[in-house]
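Visitor: Structure in structure tokens, see below.
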Amino acid sequence: LLQAYERRFPTCPLIPMFVASDTVNEYKSEDEAIHVIERRCKLDIDAPRLLKKIAGVDYVYFVQKNSLNRRERTLHIEAYNETFSNRVIINEHCSYTVHPDNEDWTCFEQSASLDIKSFFGFESTVEKIAMKQYTSNIKKGKEIIEYYLKQLEEEGITFVPRWTPPVACKSESSTSHPRRPVSPAINIPESATKEGLNNKEILNTSSSPLEPTAGTPDDKLDADYIKRYLGDLTPMQESCLIRLRQWLQETHKGKIPKDEHILRFLRARDFNIDKAREILCQSLTWRKQHQVDYILDTWNPPQVLQDYYAGGWHHHDKDGRPLYVLRLGQMDTKGLVRALGEEALLRYVLSINEEGLRRCEENTKVFGRPISSWTCLVDLEGLNMRHLWRPGVKALLRIIEVVEANYPETLGRLLILRAPRVFPVLWTLVSPFIDENTRKKFLIYAGNDYQGPGGLLDYIDKEIIPDFLGGECMCEVPEGGLVPKSLYRTAEELENEDIKLWTETIYQSASVFKGAPHEVLIQIVDASSVITWDFDVCKGDIVFNIFHSKRAPQPPKKDSLGAHSITSPGGNNVQLIDKVWQLGRDYSMVESPLICKEGESVQGSHVTRWPGFYILQWKFHSMPACATTNLPRVDDVLASLQVSSHKCKVMYYTEVIGSEDFRGSMTSLESSHSGFSQLSAATTSSSQSHSSSMISR
């Protein structure tokens, strides 16, 4: 085993981050029973380029000491970081000993600790990187040992004789061992040992390769946790959840959803990991772009919805699921669409779903068992041909499409009561858009059938049946009714309202033209502040720049969109850099230009070195002419004939943060390609991701 282990040095191709190592100290006792070797290991940590740039290093160094006692048949390995040791303290300890019951077995123990005192404001980022690297190395450790054991076997080395003391040599007492041995792995906080980072394995080191060992805690979820929060899972389903979660942790730089939410997407695709990963990534991109995580805190429904949308939450069913009541038959869908437009209706439904997720979490705590879905009770009393108004049905189908894509497996049961004769017509229209697994949860009752056996009482306690269904519980759901026509708006007003809703977020919209960039001024008082940005290129290709000037530019001038014969509702164009300013004299470029393609989402940050005025610029990007000829390409000629080809559109958000308050923002240094049109259109966006932050690239 030791010979296999020693083959990892001076470098190991199976550990890409392990670049090199040098022996700095070595000691051997006269009888060769004790062998202590100290190495300085060079590691290329998988960290964002910006973090390395701020830290001023490309590589980090660890010191590793291996203490071999052939007499006692023990190997102790200790490691500690040399780089940034005054800011971060990393310690790791591994030991190989003989099993007390079978001397042909080797016992392996490993533990690690991480103490971050300070790290330029990126403490949480460093901790995440350490967790990722350590977990990866633990899982590779056994694989690497097996690889080199097999290599030894192929070379004919299947047995290494035990050490015996030389006849002429006095028995040497246990020589003092250096106290800090090492392995080139990045390590983890002691608190993480609850997650399984204190690992004990028994490795069979006979001549045959190592036998597979039982799964570590990284490969298995705690049974109590599953029972309390996730429900019944087969070993295969549990494995799928762990693998998908691990993939997200390794590749997704934004907010990682909870296990309950990941599990919904797996169940929606019958635990096919590839299919579940695809729709989950699309949904995460959609949530980020539309700030869905903040919709309950930042969006107030219009008064028309509060007065005439006949739906609301009402206690819970017998299984503990939150209960949502919708009096669809009493709702004037045509009036709501004419008064509000599709966007407001869709956003309201999204807020209902977000509230449903929140209530599921609350009920899980209250009832002490996993509750991941809700029950919806739909009363169709009053449904007629008015509800089959074509634009209303179109809006309904669009809402179903968005909800199906982003909230799978959240509907536990749908109780449809008092279905009239016109209902089959409506059902024929909408059922093809509803997932088959969801349709199986529908229970439909005509007339007063819900009052008989197998009816409402089987699913809802008598005490909370709403009064309008013959129960004794007062239901505070609005009664609906006709929306006054005085509240109706023209198609043009509704279109502008949709655009207003679309841009009613922390993001601002801007238009970029050929020869007319859009610029944002940020004044910095304290050096070492952090400018952060998050923008999406909605149309066209742009170049993103950051400039610094010691003097303030002239008051911003808005470019006249009329000069370009283009209308841009919701967009603006502001130019700050005066035409007479010269780059290098009046202002300087502080970061390299970044070319951003249509559909990209870009996040990043810049640590300011000087106070003064910083200008963020989005500039039109012209495609270069063909390099092999001076003649323009056909595509270029055709593009030049289209006015829209000289216009780009971006949606952006910027913020200035004090360096001491900048925590974890590095995790956003990722770009994801996605369509950035309307709420529902984004459900079909691609989830492909790659680094496109100016600094990380």
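The values are calculated or read from the model by the stated rules, or taken from the named source; none is laboratory data. Keep in mind the model is a prediction, meaning the values are calculated, not measured. Because the Cβ atoms are built from the backbone with ideal geometry, glycine has one as well, and the counts that use them run over all protein chains shown. Each accessible area value is taken on the protein alone, full model and side chains, heavy atoms only, with ligands, DNA and RNA left out. Shrake-Rupley method; radii C 1.70, N 1.55, O 1.52, S 1.80 Å.
Visitor: Out of Val366, Val378, report the one residue that is open to solvent by 10 Å² or more (accessible area, probe 1.4 Å), of a type in the set (Val, Ile, Thr) and out of contact with any Leu (no Cβ under 6 Å at 6 or more places or on another chain).
Guide: Only one candidate passes the filter, namely Val366.
Visitor: What pairs come up if the first residue lies in the stretch 572-591 and is part of a loop (DSSP other than H, G, I, E, B), the second is among the polar types (S, T, N, Q) and open to solvent by 30 Å² or more (accessible area, probe 1.4 Å), and their beta carbons are under 9 Å apart, counting only those six or more places apart or on different chains?
Guide: Here the result reads Asn572/Gln508; Asn573/Ser560; Leu576/Gln554; Asp578/Gln554, each pair linking the stretch 572-591 to a residue that is among the polar types (S, T, N, Q) and open to solvent by 30 Å² or more (accessible area, probe 1.4 Å).
Visitor: While we're here: Scan the stretch 606-619 residue by residue and report those that are assigned to a strand (DSSP E or B) and under 12 Å from Ser528 (Cα atoms). Steps first, please.
Guide: Start the filter on the stretch 606-619 by keeping residues that are assigned to a strand (DSSP E or B), which leaves 606-607, 612-619.
Listed by number, the residues that qualify are His606, Val607, Gly612.
Visitor: To continue, here is another question. Would you point out the residue of the stretch 525-551, among those that are among the polar types (S, T, N, Q) and assigned to a strand (DSSP E or B), that is farthest from Gln291 (Cα to Cα)?
Guide: Ser549
Visitor: Among the candidates Arg327, Arg269, which residue alone is basic (Lys, Arg) and outside the structural domain of Leu411 (by the TED database)? Show your work before the answer.
Guide: Working: Arg327 fails: outside the structural domain of Leu411 (by the TED database).
From the options Arg327, Arg269, the qualifying one is Arg269.
Visitor: Moving on to the next point. Could you look through the stretch 437-452, keep only residues that are modelled with pLDDT of 80 or more and assigned to a helix (DSSP H, G or I), and pick out the one that is most open to solvent (accessible area, probe 1.4 Å)? Explain how you work it out, then say what you get.
Guide: Filtering the stretch 437-452 down to residues modelled with pLDDT of 80 or more leaves 438-452.
From the residues that got through so far, the ones that are assigned to a helix (DSSP H, G or I) too are 438-439, 449-451.
Values: Thr438: 18, Arg439: 87, Asp449: 94, Tyr450: 10, Gln451: 115 Å².
Applying the filter and picking the extreme gives Gln451.
Visitor: Restricting attention to the stretch 256-295, and to residues there that are without any contact (Cβ under 8 Å) to a residue 24 or more places away in the chain and among the β-branched types (Val, Ile, Thr), which single residue is surrounded by the most Cβ atoms within 10 Å (Cβ to Cβ)?
Guide: Ile262
Visitor: Return the total of residues in the stretch 248-287 being closer than 24 Å to Glu436 by Cα and touching a strand residue (DSSP E or B) at 6+ places or on another chain (Cβ under 6 Å).
Guide: Total meeting the criteria: 0.
Visitor: For the stretch 325-349, enumerate the residues that are at pLDDT 90 or above and more than 19 Å from Gly382 (Cα to Cα).
Guide: Within the stretch 325-349, Tyr348, Val349 qualify.
Visitor: Go through the stretch 453-476 and report how many residues are part of a loop (DSSP other than H, G, I, E, B) and under 20 Å from Arg421 (Cα atoms). Reasoning before the result, please.
Guide: At the first step, the residues of the stretch 453-476 found to be part of a loop (DSSP other than H, G, I, E, B) are 453-455, 459-461, 465, 470-472, 474-476.
Then drop every residue that is not under 20 Å from Arg421 (Cα atoms), which leaves 455.
Adding up the residues that qualify gives 1.
Visitor: Are there any helices (runs of 4 or more DSSP H) wholly within the stretch 283-394 with 3 or more residues that are closer than 19 Å to Phe442 by Cβ and not aromatic (Phe, Trp, Tyr), and if so which? Let's see the steps before the verdict.
Guide: Numbers: elements: 295-298, 303-308, 333-340, 342-367.
Ranges flagged: 342-367.
Visitor: Taking the condition of being under 18 Å from Asp379 (Cα atoms), hydrophobic (A, V, I, L, M, F, W, C) and touching a residue at least 24 places away in the same chain (Cβ under 8 Å), how many residues in the stretch 431-458 meet it?
Guide: Let us first name the residues in the stretch 431-458 that are under 18 Å from Asp379 (Cα atoms), namely 431, 439, 441-452, 454-458.
Those still in the list that are hydrophobic (A, V, I, L, M, F, W, C) too: 442-444, 446, 456-457.
Okay, now just the ones that are also touching a residue at least 24 places away in the same chain (Cβ under 8 Å), so 442-444, 446, 456.
Number of matching residues: 5.
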